[in-house]
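Asks: Before I ask anything, let me first share the structure, which is written out below as structure tokens.
The values are calculated or read from the model by the stated rules, or taken from the named source; none is laboratory data. Not measured: the values here are computed from a predicted model. Don't worry about glycine lacking a Cβ; one is built from the backbone with ideal geometry, like all the others, and counts go over all protein chains shown.
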Amino acid sequence: MNKSGMFWGSILIIAGAFLLVNNIAGWNIFGMERLWPIFVLIPGLAFEFGYFSSKRNPGILVPGGILTTLGLLFFFETFTNWHFAAYTWPVYPLAVAVGLFQLYLFSGRSRGLLVPVFILTAVSGIAFTAMFIDIIEQWVNLSLVFPILLILVGLFVIFGSSKKSDGSE
């Protein structure tokens, strides 16, 4: 069994299963308003498959990683009606980091390639963290968290030191 036949056969089986579920369940999954990300995802997967089937030309992993990551993000966005787009924007620089990291892993390139990977991943991580803190701040008054934390640490210090002074060390 050749790899190309296995790949395309799997794609056809998955597409047929989705179409069957769409028709039986009455979902409207297969309209272009939901499926346009496939035009981003398929080229990305083709680049990935192109490298992993031949193990030659690792440079194609960069666009493969970027397009595959963005294709998956766009599918998520279309199926959630773009409700999370304000929170998922850090995936864009992360997609570039994914492509570059794949190039580093599979090409034997120098560690210098990890610098932009680290920077892009850090930017995405910091952005996700800032948004997460902002979301938490909407539910919890963070101006109360620090004083409460100080009180808890103070209680821990007092009760922790009283155990030591009782001779229970």
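Asks: Report every pair of residues separated by at least 6 positions or lying on different chains whose Cβ atoms are under 7 Å apart, first residue within the stretch 61-83 and within 12 Å of ILE38 (Cα to Cα), second of a type in the set (Lys, Arg) and at pLDDT below 95.
Replies: Pairs that qualify, where the first residue is within 12 Å of ILE38 (Cα to Cα) and the partner is of a type in the set (Lys, Arg) and at pLDDT below 95, are THR78/ARG34.
Asks: Do we have any residue at all in the stretch 68-78 that's touching a Phe, Trp or Tyr at 6+ places or on another chain (Cβ under 7 Å), among the hydrophobic types (A, V, I, L, M, F, W, C) and in a helix (DSSP H, G or I)?
Replies: No, the stretch 68-78 contains no residue that is touching a Phe, Trp or Tyr at 6+ places or on another chain (Cβ under 7 Å), among the hydrophobic types (A, V, I, L, M, F, W, C) and in a helix (DSSP H, G or I).
Asks: Name the residue that is surrounded by the most Cβ atoms within 10 Å (Cβ to Cβ), counting only residues in the stretch 88-115 that are farther than 15 Å from LYS55 by Cα and in contact with a Pro (Cβ under 7 Å, 6 or more places away or on another chain). Can you show your working first?
Replies: Here is the first cut: in the stretch 88-115, the residues farther than 15 Å from LYS55 by Cα are 88-101, 110-115.
Those left that are additionally in contact with a Pro (Cβ under 7 Å, 6 or more places away or on another chain): 99-100.
Numbers: GLY99: 26, LEU100: 23.
Selected residue: GLY99.
Asks: Another question about this same structure. Kindly indicate whether any position in the stretch 35-47 is part of a helix (DSSP H, G or I), over 22 Å from THR88 (Cβ atoms) and out of contact with any Lys or Arg (no Cβ under 8 Å at 6 or more places or on another chain).
Replies: Narrowing the stretch 35-47 to residues part of a helix (DSSP H, G or I): 35, 38-47.
Going one step further and asking which of them are over 22 Å from THR88 (Cβ atoms), we end up with 46-47.
Then drop every residue that is not out of contact with any Lys or Arg (no Cβ under 8 Å at 6 or more places or on another chain), which leaves 46-47.
So far as the stretch 35-47 goes, yes, one or more of its residues are part of a helix (DSSP H, G or I), over 22 Å from THR88 (Cβ atoms) and out of contact with any Lys or Arg (no Cβ under 8 Å at 6 or more places or on another chain).
Asks: Out of the stretch 64-77, which residues are buried (at least 16 other Cβ atoms within 10 Å of the Cβ) and farther than 16 Å from ALA46 by Cβ?
Replies: Once the filter is applied, which keeps residues that are buried (at least 16 other Cβ atoms within 10 Å of the Cβ) and farther than 16 Å from ALA46 by Cβ, the stretch 64-77 yields LEU73, PHE74, PHE75, GLU77.
Asks: While we're here: Please tell me if PHE39 is under 20 Å from the mean Cα position of the chain (by Cα), more than 30 Å from ALA130 (Cα to Cα) and surrounded by fewer than 17 Cβ atoms within 10 Å (Cβ to Cβ).
Replies: Values: under 20 Å from the mean Cα position of the chain (by Cα): yes; more than 30 Å from ALA130 (Cα to Cα): yes; surrounded by fewer than 17 Cβ atoms within 10 Å (Cβ to Cβ): yes.
The answer is yes for PHE39.
Asks: I've got another one for you. Residues SER10, SER53: which one is free of Cβ contacts under 8 Å to residues at least 12 places away in the same chain, among the polar types (S, T, N, Q), in a helix (DSSP H, G or I) and within 29 Å of VAL96 (Cα to Cα)?
Replies: Among SER10, SER53, only SER10 is free of Cβ contacts under 8 Å to residues at least 12 places away in the same chain, among the polar types (S, T, N, Q), in a helix (DSSP H, G or I) and within 29 Å of VAL96 (Cα to Cα).
Asks: From SER143, SER124, which residue is assigned to a helix (DSSP H, G or I), over 27 Å from PHE75 (Cβ atoms) and of a type in the set (Gly, Ala, Ser)? Please lay out each step first, then the result.
Replies: Working: SER124 fails: over 27 Å from PHE75 (Cβ atoms).
When all the criteria are applied, what remains is SER143.
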